[in-house]
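The values are calculated or read from the model by the stated rules, or taken from the named source; none is laboratory data. Predicted model only: the values in this text are computed from it and were never measured. Here the Cβ positions follow ideal geometry from the backbone for every residue, glycine too, while neighbour counts run over all protein chains shown.
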Amino acid sequence: MKISVIIPTKDEERTIGECIRRAKEAIEGIGYEYEIIVSDSSSDNTAKIAESLGARVIFPDKMGYGYAYIYAFRHASGDIIVMGDGDGTYDLSEVPELIKPLINGEADLVLGSRFKGKIHKNAMPWLHRYIGNPILTWFTNFFFKAGVSDAHSGFRALKKEAIEKMNLSCTGMEFATEMVVKAKVAGLRIAEVPINYYPRVSESKLRSFRDGWRHLKFMLLYSPAYVFLIPGLILFLFGISMIAITFFGIRIFYNPGIHTIIASALIAMLGYQLFLFGIAG
């Protein structure tokens, strides 16, 4: 059994050393063969520090969080792939607990859940902790029945063969959502383990609204249900609104009558059926 730890980096010279040391000590402690791959797009000394600690440094030919992983997957030789950021927010000494469901044959993909574990003070902005992450995770569960508490955790592990079944292609931050969604669609088993989440030392690369929209857009475009859910909801609300307007005799552009009620009811029923079909899909 061999473990490949992949760490994507962009100017993380202040934290990469400790991340590598913790990962090495943790895996050596459980006696598995391992390799540490740093997928680097830095302009500082991150690569030099990583190499001095025995990590293999590769340089993706394109930018992007997702692409850093996709590029690194091609170079990984482990049976289990561990993914973790190099900014110190995740404690890579927790790798043994993270991979345990894989070792025991209980899962194909394991997510380190910050919400089931401990989010330390100042580690996650209020907007992300109470609005962004919960809402986007809810959409992931709603559209794809993923059943997870932290769809966007950057600390996760999976079997090498699972990667081949998912055909991952997103190059940005939405890569995290893509992996969960495609794992579920492919019938892979997903598990979660509680983890710690710490404040980052360097500046965050995350752009809240831009990246949040990219996560949501991927889910909408990938879900077959979205074709019916959104139009169905719009038609249903429009039909109900027109019935209410007609019932209360509110005049907008013309005097509403019985024909308006009939047409509005048909529109509302059509919308309702489309919405139900979308949920079933």
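Going by the conditions given, is I80 out of contact with any Ser or Thr (no Cβ under 9 Å at 6 or more places or on another chain) and over 15 Å from R22 (Cβ atoms)? No: the conditions fail for I80. Taken over the stretch 1-20, the residue count meeting the criterion of being exposed (fewer than 15 other Cβ atoms within 10 Å of the Cβ) and not hydrophobic (A, V, I, L, M, F, W, C) is 1. Residues in the stretch 25-62 that are surrounded by fewer than 18 Cβ atoms within 10 Å (Cβ to Cβ), hydrophobic (A, V, I, L, M, F, W, C) and in contact (Cβ under 8 Å) with a residue 60 or more places away in the chain: I30 only. When the residues of the stretch 126-153 are filtered to those that are touching a residue at least 60 places away in the same chain (Cβ under 8 Å) and over 23 Å from V95 (Cα atoms), the one that is surrounded by the fewest Cβ atoms within 10 Å (Cβ to Cβ) is L127. Residue under question is I99, and the condition is that it be in a helix (DSSP H, G or I), closer than 25 Å to R214 by Cβ, at pLDDT 95 or above and aliphatic (A, V, I, L, M); does it hold? Judged against the criteria, I99 is not a match. Taken over the stretch 206-219, the residue count meeting the criterion of being modelled with pLDDT under 75 and surrounded by 14 or more Cβ atoms within 10 Å (Cβ to Cβ) is 3.
For every residue, the table says whether it meets (1) in contact with an Asp or Glu (Cβ under 8 Å, 6 or more places away or on another chain); (2) assigned to a helix (DSSP H, G or I); (3) at pLDDT 95 or above.
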| residue | (1), (2), (3) |
| --- | --- |
| I6 | no, no, yes |
| G17 | no, yes, yes |
| E28 | no, yes, yes |
| S39 | no, no, yes |
| G54 | no, no, yes |
| Y67 | no, yes, yes |
| A72 | no, yes, yes |
| G78 | yes, no, yes |
